[in-house]
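These notes concern the structure reproduced below.
Read the figures in this text as sums done on the coordinates, not as results from a lab. Note that the structure is a prediction, hence the values are computed from the model and not measured. Cβ sites come from the backbone with ideal geometry, for glycine too, and all protein chains shown count toward neighbours.
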Amino acid sequence: MANTSEHRSDHTAEQRNYTPWVVGIAFAVNAIVAVLFFMPKADGLDHLDLTFLPMMNAIFNSFTTVFLIAALFFIKQKNIPMHRRFIFAAFATTALFLVTYLTYHSLAESTSYGGEGVLKAVYYFVLITHIVLAPIVSLLALLTLARGLNMQVEKHRRIARWTMPLWLYVSVTGVLVYLLISPYY
C-alpha cells in the first residue's frame, strides 16, 4: 500500500523543468572528457602510481550494473520506491566512476592494449562501442531520470526502454575494457 500512496503523492507534485540541467550536465561531462583526451598530462606526477584508479572505475561500473539490474527487477514488480532507490544508487556509483575516471585521465598517460589476435579485435570492438555509447547514455539517463522525477510515466517508459539496455551495456563494457587492458598497466 505504501507504493500506491507514495506514487499518488508524487503524481500530484509540481512539474519541474529539468531540461536545462540535463543538457548542461551532459554537455559539461562530455566536454570535460573530450578536453582530457587532448590535454597534455600534468608534469612532475610520474612518481604516482595511479593504476588503482582504473580498477576503481571497474568496481564502480560493476556496482552500477548490479544497481540497474535491481532497479529493473523492482520496476517489473511495480515497486516504484525500490526502483527509484536503485536508480539513485546507479547514479551515485556512476558519479564516483566519473570522479575516478577524470582523475586518472587528467594525470596519467593512456595505456595501449598489448594483446594480439582475436582478443585485440574484441577489445577494440568493446572499447569503441563503449566510447560511442557512453555520452549518449549520459544524456539519456539524465533525461529518463528527469521524466521519472516528474512522474511523466509514459514518456519515462518510452525512453527507459532505450536507456536501460544501453546503460547496462556501457557499464558492463566498462568492466570488460578494464579486464582486457589491466595486464598492460
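Hey, any idea what the orientation-averaged projected area of the convex hull of segment 80-159's Cα atoms comes to, in nm²?
The Cα convex hull of segment 80-159, projected and averaged over all directions, gives 7.1 nm².
For the chain, hydrophobic long helices are taken as DSSP H runs at least 30 Å long by C-alpha position along their axis with mean Kyte-Doolittle hydropathy of -1.0 or more; these are 52-76, 80-107, 117-149, 153-181.
Only helical runs count toward this figure. For the chain, summing -39,500 (n - 2.57) over DSSP H runs of n ≥ 4 and dividing by all residues gives -27500 deg cm²/dmol at 222 nm. Along its principal axes, the chain has C-alpha extents of 55, 33, 24 angstrom, given from the largest down.
Basic side chains Lys and Arg get +1 at the Cβ, acidic Asp and Glu get -1 at the Cβ, and with that the dipole of segment 89-159 about its Cα centre reaches some 400 debye.
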